[in-house]
Amino acid sequence: MAVGKAAPWSYRKGATALHRLPAGGKLAFLLLLSLAAFFPGSEVQSLAIVAGIALVLIILSFIAKIGPAALLRGSGPLLFLVAAVFFFRGIELSPPGFNLDGLWESALFAVRICAAFAAGTLLFAVTTPGEIRKSLSRMEAALRLERLKLGLGISLMLGFLPRFFEIWEAVNLAWKSRGGKKSLSRLIVLIPLVVERMMVKAAETATALESRGGGL
């Protein structure tokens, strides 16, 4: 990873107002923002909602002292896949050509993905997985749902999201150090490696939980 650059969706130490807010409140608010980005409506309504969400995230990014540019770092491969899906959907074989009817929908979907991605980046930049787990555990206790261990499961799932980007940054750096270029072949080679490492990490986590009597 480049020096001075944090991995996407990684925690940034700080003492800002956002860092000090309860983890549960931040999780709920940013989850609602992500869901609002996909709220069905007319094209004008959808664009207005996403623009409003983007403005809120930009303001919050300045409050968190990370800046709006950091919110989309690491989203390139995801947007590449969205563009690839649009491209293959638009190809017509008979007669040969390209259908642009779904251009607006694809562009709007990409913007929505960016908004949800940025919300996730902001959450993990100001909240640690441990804080999220403690907040969910308190909610479980209040609702008397400790036996279901929902807090543990959700916190583990959320914890794997920033871990994915840490692994992606590591294998991507190794790819670049060997002279690899930014191309489709990079995704074809690196994605299986990342998935394999994530599976190994999941197995290690499960083993650690079982040894401590904390299995789900």
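The values are calculated or read from the model by the stated rules, or taken from the named source; none is laboratory data. Quick caveat, the model's predicted, so the values are computed rather than measured. A quick note on method: Cβ atoms are made from the backbone with ideal geometry, for glycine too, and the neighbour counts reach across all protein chains shown.
Looking only at the stretch 91-111, decide whether some residue is charged (D, E, K, R) and either within 21 Å of the chain's Cα centre (by Cα) or surrounded by 14 or more Cβ atoms within 10 Å (Cβ to Cβ) (or both). Checked the stretch 91-111: no residue is charged (D, E, K, R) and either within 21 Å of the chain's Cα centre (by Cα) or surrounded by 14 or more Cβ atoms within 10 Å (Cβ to Cβ) (or both). Would you say LEU31 is surrounded by 13 or more Cβ atoms within 10 Å (Cβ to Cβ) and in a helix (DSSP H, G or I)? Against the criterion (surrounded by 13 or more Cβ atoms within 10 Å (Cβ to Cβ) and in a helix (DSSP H, G or I)), LEU31 qualifies.
For the stretch 57-80, state whether one or more residues are more than 28 Å from GLU169 (Cβ to Cβ), touching a residue at least 60 places away in the same chain (Cβ under 8 Å), small (Gly, Ala, Ser) and part of a helix (DSSP H, G or I). No; the residues of the stretch 57-80 include none that is more than 28 Å from GLU169 (Cβ to Cβ), touching a residue at least 60 places away in the same chain (Cβ under 8 Å), small (Gly, Ala, Ser) and part of a helix (DSSP H, G or I). Looking only at residues of the stretch 172-216 that are among the aliphatic types (A, V, I, L, M) and modelled with pLDDT under 70, we find that the one that is nearest to PHE80 (Cα to Cα) is LEU184.
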